[in-house]
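Beneath this line is the structure, given in structure tokens, with notes to follow.
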Amino acid sequence: MRLLPLALAFATCLPLAAHAAEPVLPQLKAYTVDPSWLQPIAPLQIADHTWQIGTANLTSLLVQTPQGAVLLDGGMPQMADHLLHNLQLRGVAPADLRVILLSHAHADHAGSVAELKRRTGARIVVNAESAVLLWPAERPAPTAPVTRIVRKPVAGPALVAALFDEPSTYSITRPLVSDMA
């Protein structure tokens with residue numbers, strides 16, 4: 001008779017123990033990355049006027065032109081200070097960063113872009129699909145194109161130079177939306 005209360009108490013704990021052992025769904029875990037994705041590095045020249053200013057394993061490219069600087073991808077959200085520091089090491093003042101060109105809207109490419117935009121005033125250029133993902137939730141969706149959409153193909157240095165020219169003189173292979181807040 002004395003064992004019955006003990007057995008009941010034990011039986012009520014079994015479902016809790018089984019539930020605690022279930023694996024957590026991956027989407028419910030904190031977003032973690034390899035430490036090398038956040039390991040600062042000094043600017044590394046990779047071509048004429050082109051520097052890797054990101055981290056040990058996340059590339060953010062700085063292209064320096066006479067018209068101003070272009071940043072290709074901004075890395076993780078934690079990287080804004082590091083990128084601004086490396087811009088300064090390359091002699092680029094925050095106001096001289098004219099364009100942030102995003103490859104796509106994943107956190108490891110676009111994570112610091114909002115902060116960089118706030119601190120530099122740079123124009124953001126992104127494909128239309130990424131623009132939808134990056135659009136600020138507190139702002140109403142645009143009823144017209146953000147500023148411009150371009151469609152004719154151009155590649156390489158011509159694209160970088162064209163980012164500073166009249167919109168009708170350049171384009172890329174996929175639509176771009178620029179000047180997001």
### Task
Please determine, by comparing only the residues of region 27-62 that are at pLDDT 90 or above and in a helix (DSSP H, G or I), which one is nearest to Q78 (Cα to Cα).
W37
#### Entry: Search result, residues across region 70-84 that are surrounded by fewer than 19 Cβ atoms within 10 Å (Cβ to Cβ) and under 9 Å from the mean Cα position of the chain (by Cα)
P77
### Task
Return the residue satisfying two criteria in turn: it lies in region 100-135 and is more than 19 Å from Q67 (Cα to Cα) and among the hydroxyl-bearing types (S, T, Y), and of such residues it is most open to solvent (accessible area, probe 1.4 Å).
S103
### Message
The conditions are (1) surrounded by fewer than 18 Cβ atoms within 10 Å (Cβ to Cβ); (2) in contact with a Ser or Thr (Cβ under 9 Å, 6 or more places away or on another chain); (3) modelled with pLDDT of 90 or more; (4) not in a helix (DSSP H, G or I), and G91 fails exactly one of them. Which is it?
### Response
(2)
### Task
Please give the number of the condition R118 fails out of (1) part of a helix (DSSP H, G or I); (2) in contact (Cβ under 8 Å) with a residue 24 or more places away in the chain; (3) more than 24 Å from T32 (Cα to Cα).
(2)
### Query
Does V126 meet the test of being in a strand (DSSP E or B) and either of a type in the set (K, R) or touching a His at 6+ places or on another chain (Cβ under 9 Å) (or both)?
yes
### Task
For L97, work out the one condition from (1) touching a Leu at 6+ places or on another chain (Cβ under 8 Å); (2) exposed (fewer than 14 other Cβ atoms within 10 Å of the Cβ) it doesn't fulfil.
(2)
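The values are calculated or read from the model by the stated rules, or taken from the named source; none is laboratory data. Please read these numbers as outputs of a predicted model, since none were measured by experiment. Here the Cβ is made from the backbone with ideal geometry for all residues, glycine too, and neighbour counts use every protein chain on show. In case anyone asks, the SASA skips ligands and DNA or RNA and just uses the protein heavy atoms, side chains included. Shrake-Rupley method; radii C 1.70, N 1.55, O 1.52, S 1.80 Å.
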